[in-house]
Amino acid sequence: IKYLIEYFAKFEKIFDKISYGFLINVATVSKQFVNLMKAFMANIFERVEVYGTNSKIWIPRLLRKIPRDQLPLKYGGIASNKPVGVL
C-alpha cells in the first residue's frame, strides 16, 4: 500500500499538465483497481476514461473524442497516420 500511495503521489504532481487521458485495453483486475483509486484521486481520474479489452466497445467511444485521422490504425484510425509514438 505504501508503494501505491507513493506511485499515485506522482500523478498528483502532474495533475495540472494532464488535460485528458485514455487507458485502453485495461484488464478486468486492473480496471477494478483504477475504479478503487478513483475514490482516492477523483480530481485526476475525472479526466481519464478507462476502456476494457473489447475494441468493439472502446473504438467508437474513442472516435467520439479524437478524430480518426489523429489515431493509429490499431486504435481505430487510418492506415496513413504516422504517429510520433504509441505506447
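The values are calculated or read from the model by the stated rules, or taken from the named source; none is laboratory data. Model, not experiment: these values are computed from the prediction. Please note: Cβ atoms are built from the backbone with ideal geometry, for glycine as well, and neighbour counts cover all protein chains shown. The protein model used for the area step is the full one, side chains on, heavy atoms only, and it has no ligands, DNA or RNA in it. Shrake-Rupley method; radii C 1.70, N 1.55, O 1.52, S 1.80 Å.
The candidates Leu71, Leu63, Leu23, Leu36, arranged from most to least accessible area with a 1.4 Å probe in the full protein assembly, appear as Leu36, Leu23, Leu63, Leu71. Can you give me the angle between helix 28-40 and the longest principal axis of the chain, using Cα atoms only, in degrees from 0 to 90, rounded to the nearest 10? Computed tilt is about 50 degrees. Residues Phe8, Phe22, Phe40, sorted by accessible area with the largest first, give Phe40, Phe22, Phe8 [1.4 Å probe; ligands and nucleic acids excluded].
Lys/Arg Cβ at +1, Asp/Glu Cβ at -1, dipole of the chain taken about the Cα centre: which of Leu71, Val48, Ala9 is farthest positive-ward? The listed residue farthest towards the positive side: Leu71.
For helix 55-65, report the angle its Cα long axis makes with the longest principal axis of the Cα atoms of the chain; keep it between 0 and 90° and round to the nearest 10°. Its long axis makes an angle of about 90 degrees. Taking amide hydrogens as placed 1.01 Å from N in the peptide plane, the amide H of Val50 sits under 5 Å from those of Leu23, each at least 5 positions away in sequence or on another chain. Remark: the chain carries a charge dipole of roughly 220 debye about the Cα centre, counting +1 on each Lys and Arg Cβ and -1 on each Asp and Glu Cβ.
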